[in-house]
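Comments concern the structure below.
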């Protein structure tokens, strides 16, 4: 009788242990499943934006630069202002106060942004002092404000515009699109949301410093047509240092 009771107890103990082992396995499988799900979500999140950008750019593949974004009528007349600051370099981080929003010339940091990147967000944009150095090298800069940054359609247009000007070997593609924030200075005049700027020597080949001007054009939205015309009128050769990248 005692032996049968011990056998029954052992059977109960074995049953409990087997159930515990089964529960532990199920918990293990559940943990692995959750980890795999999280990993897949992380991978999917990382891949989403590049895939979306690629998909969105397909719409611009058959379009020329002047067909992207708003028409040229979205922009005001080009204006100019006497320029200064050629070769006026200061170390990065030096405070610089620019009179214009945004600047087209002036004192600047001693190193420009590279030509590889054509479109920046507020989180990774070079300092304004670097970008002014790019202007000295003949770049056209398209500055955009928070209204554009918050508008998916206009940002798609900017991606399409930047894609048309990719490359580092052809200096005619010296272009950067960069955000202008409240930390940089006052809003664009006239309630506009986009500004094109260029540092002109007064015409390609001009050498007299007193001929230099900053060139400005303000727009309500990104316009490939206006940009195309602007860059043809004010090419990279029309700048203080056109041969520098």
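Residue-by-condition table, conditions (1) closer than 23 Å to residue 195 by Cα; (2) in the same structural domain as residue 185 (by TED's automatic domain parsing); (3) surrounded by 15 or more Cβ atoms within 10 Å (Cβ to Cβ); (4) modelled with pLDDT of 75 or more:
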position	(1), (2), (3), (4)
25	no, no, no, no
33	no, no, no, no
93	no, yes, no, yes
112	yes, yes, yes, yes
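Examine region 125-135 for a residue that is in contact with a strand residue (DSSP E or B) (Cβ under 9 Å, 6 or more places away or on another chain), surrounded by fewer than 15 Cβ atoms within 10 Å (Cβ to Cβ) and either assigned by TED's automatic domain parsing to the domain that holds residue 222 or modelled with pLDDT under 95 (or both), and state whether such a residue exists. Show your work before the answer.
Applying the first criterion (in contact with a strand residue (DSSP E or B) (Cβ under 9 Å, 6 or more places away or on another chain)) to region 125-135 yields 125-135.
Add one more test, that the residue is surrounded by fewer than 15 Cβ atoms within 10 Å (Cβ to Cβ), and what stays is none.
Within region 125-135, none of the residues are in contact with a strand residue (DSSP E or B) (Cβ under 9 Å, 6 or more places away or on another chain), surrounded by fewer than 15 Cβ atoms within 10 Å (Cβ to Cβ) and either assigned by TED's automatic domain parsing to the domain that holds residue 222 or modelled with pLDDT under 95 (or both).
Go through region 191-216 and report how many residues are more than 20 Å from the chain's Cα centre (by Cα) and either more than 13 Å from residue 76 (Cα to Cα) or in contact (Cβ under 8 Å) with a residue 60 or more places away in the chain (or both).
If we filter region 191-216 for residues that are more than 20 Å from the chain's Cα centre (by Cα), which is where we start, we get 191, 199-216.
Narrowing further to those that are either more than 13 Å from residue 76 (Cα to Cα) or in contact (Cβ under 8 Å) with a residue 60 or more places away in the chain (or both): 199-216.
Counting residues in region 191-216 that are more than 20 Å from the chain's Cα centre (by Cα) and either more than 13 Å from residue 76 (Cα to Cα) or in contact (Cβ under 8 Å) with a residue 60 or more places away in the chain (or both) gives 18.
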The lone exception for residue 166 - which of (1) closer than 23 Å to residue 127 by Cα; (2) part of a loop (DSSP other than H, G, I, E, B); (3) over 19 Å from the mean Cα position of the chain (by Cα) it fails: (3)
Filtered residue count, region 90-121, keeping only those that are over 16 Å from residue 241 (Cβ atoms), in a loop (DSSP other than H, G, I, E, B) and without any contact (Cβ under 8 Å) to a residue 40 or more places away in the chain: 8
Exclusive hit being crowded, with 18+ Cβ neighbours inside 10 Å, over 20 Å from residue 74 (Cβ atoms) and more than 16 Å from the chain's Cα centre (by Cα), set 171, 188: 171
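Kindly establish whether residue 17 is assigned to a helix (DSSP H, G or I) and modelled with pLDDT of 70 or more. Working first, answer last.
Numbers: assigned to a helix (DSSP H, G or I): yes; modelled with pLDDT of 70 or more: yes.
Yes, satisfied.
Residue check: is residue 227 in contact (Cβ under 8 Å) with a residue 40 or more places away in the chain and in contact with a strand residue (DSSP E or B) (Cβ under 7 Å, 6 or more places away or on another chain)? Can you show your working first?
Details: in contact (Cβ under 8 Å) with a residue 40 or more places away in the chain: yes; in contact with a strand residue (DSSP E or B) (Cβ under 7 Å, 6 or more places away or on another chain): yes.
Considered against the rule, which asks whether it is in contact (Cβ under 8 Å) with a residue 40 or more places away in the chain and in contact with a strand residue (DSSP E or B) (Cβ under 7 Å, 6 or more places away or on another chain), residue 227 comes out as yes.
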Selection within region 134-151 - touching a helix residue (DSSP H, G or I) at 6+ places or on another chain (Cβ under 6 Å) and over 19 Å from residue 245 (Cβ atoms): 148
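The values are calculated or read from the model by the stated rules, or taken from the named source; none is laboratory data. This one's a predicted model, so the numbers in the text were calculated from it and none came from an experiment. Cβ coordinates were reconstructed from backbone atoms using ideal geometry, including for glycine residues, and neighbour counts include every protein chain displayed.
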